[in-house]
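Engineer: Mind having a look at this structure? Questions to follow.
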Amino acid sequence: MEQMTEGPLEIERKYRLAQPPPPDVLAAHGARCFRLEQIYLLDSPPGRRIRRIEAPDGTMSHRLTRKRHLRDLVREELESEIDAAEYQRLVAEADPARRTIRKTRYVAAHGTQQLEIDVFDEPAGLVLVEVELASEAEAVELPGWLGEARDVSTDPRYANANLALRTAVVPPY
């Protein structure tokens, strides 16, 4: 059995938007657009997922990630690049209790921080913004062009692994 060793920390805040920013607003702020497919694997070890990322130029990359929750805003994250063949092999280990997450991600700089705006295919209408931080104490001031936003950083319903559950129900905004 593969053991998870201590790795780099991911510290992030997550916000739910009432709606996605319009395309012209995203473009005006230099947002780059990526298509993501994310599949959670059977729990051995827990927290494994694979992701296929289509870049704006059409190139594909694939990643295997292991995440472990440490506390509210902090997770241990081990990520490695894998090739397309390994990705396809790992698809066979997909957790049948979880659906594939498909979303469009817009990445835009905001001061010293980076905004990752995820517009989900399913559940339709769900828009989340993630902001990775250098420390738990780092402040986040979202730009006004994002519109209305609610902090859902500590709400487990908005964790991607939980959103992937076939029984997941996302509350209305």
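Engineer: If you take just the strands (runs of 3 or more DSSP E) that sit entirely in the stretch 108-156, which of them hold at least 1 residues that are over 25 Å from Ile39 (Cβ atoms) and modelled with pLDDT of 95 or more?
Structural biologist: By residue number, 113-120, 149-151.
Engineer: Looking for whichever is without any contact (Cβ under 8 Å) to a residue 40 or more places away in the chain, under 27 Å from Pro123 (Cβ atoms) and of a type in the set (Val, Ile, Thr) here; the options are Thr100, Thr59, Thr65. Which one fits?
Structural biologist: Among Thr100, Thr59, Thr65, only Thr65 is without any contact (Cβ under 8 Å) to a residue 40 or more places away in the chain, under 27 Å from Pro123 (Cβ atoms) and of a type in the set (Val, Ile, Thr).
Engineer: Would you call Arg35 surrounded by 18 or more Cβ atoms within 10 Å (Cβ to Cβ) and part of a strand (DSSP E or B)? Reasoning before the result, please.
Structural biologist: Details: surrounded by 18 or more Cβ atoms within 10 Å (Cβ to Cβ): no; part of a strand (DSSP E or B): yes.
Against the criterion (surrounded by 18 or more Cβ atoms within 10 Å (Cβ to Cβ) and part of a strand (DSSP E or B)), Arg35 does not qualify.
Engineer: Now for a different question. Exactly one of (1) of a type outside the set (Phe, Trp, Tyr); (2) at pLDDT 95 or above; (3) touching a Leu at 6+ places or on another chain (Cβ under 7 Å) is unmet by Glu86. Its number?
Structural biologist: Unmet for Glu86, out of (1) of a type outside the set (Phe, Trp, Tyr); (2) at pLDDT 95 or above; (3) touching a Leu at 6+ places or on another chain (Cβ under 7 Å): (3).
Engineer: Report, ordered by the first and then the second residue, all pairs with beta carbons closer than 9 Å, sequence separation of six or more or different chains, a first member in the stretch 133-151 that is basic (Lys, Arg), and a second member that is not in a loop (DSSP other than H, G, I, E, B).
Structural biologist: Matching pairs, first to second residue: Arg150/Tyr15; Arg150/Arg16; Arg150/Leu17.
Engineer: Follow-up. So, Arg52, is that one in a strand (DSSP E or B), surrounded by fewer than 17 Cβ atoms within 10 Å (Cβ to Cβ) and without any contact (Cβ under 8 Å) to a residue 60 or more places away in the chain or not? Spell out the reasoning first.
Structural biologist: Numbers: in a strand (DSSP E or B): yes; surrounded by fewer than 17 Cβ atoms within 10 Å (Cβ to Cβ): no; without any contact (Cβ under 8 Å) to a residue 60 or more places away in the chain: yes.
Taking the combined requirement at face value, the residue does not satisfy it.
Engineer: Which ones in the stretch 25-49 are of a type in the set (Asp, Glu) and within 19 Å of Lys103 (Cβ to Cβ)?
Structural biologist: Glu37
Engineer: I would also like to ask the following. Hey, can you tell me all the residues within the stretch 22-41 that are out of contact with any strand residue (DSSP E or B) (no Cβ under 7 Å at 6 or more places or on another chain) and of a type outside the set (A, V, I, L, M)?
Structural biologist: Within the stretch 22-41, Pro22, Pro23, Asp24 meet the criteria.
Engineer: Tally time: how many residues in the stretch 63-109 are of a type outside the set (Gly, Ala, Ser) and within 29 Å of Val25 (Cα to Cα)?
Structural biologist: Of the residues in that region, 9 qualify.
Engineer: Name every residue in the stretch 75-102 that is of a type in the set (Ser, Thr, Tyr) and either assigned to a strand (DSSP E or B) or crowded, with 16+ Cβ neighbours inside 10 Å (or both), in order of residue number.
Structural biologist: Ser80, Tyr87
The values are calculated or read from the model by the stated rules, or taken from the named source; none is laboratory data. Keep in mind that what you see is a predicted model, and the values were worked out from it rather than measured. Every residue, glycine among them, receives a Cβ derived from its backbone with ideal geometry; neighbour counts consider all protein chains shown.
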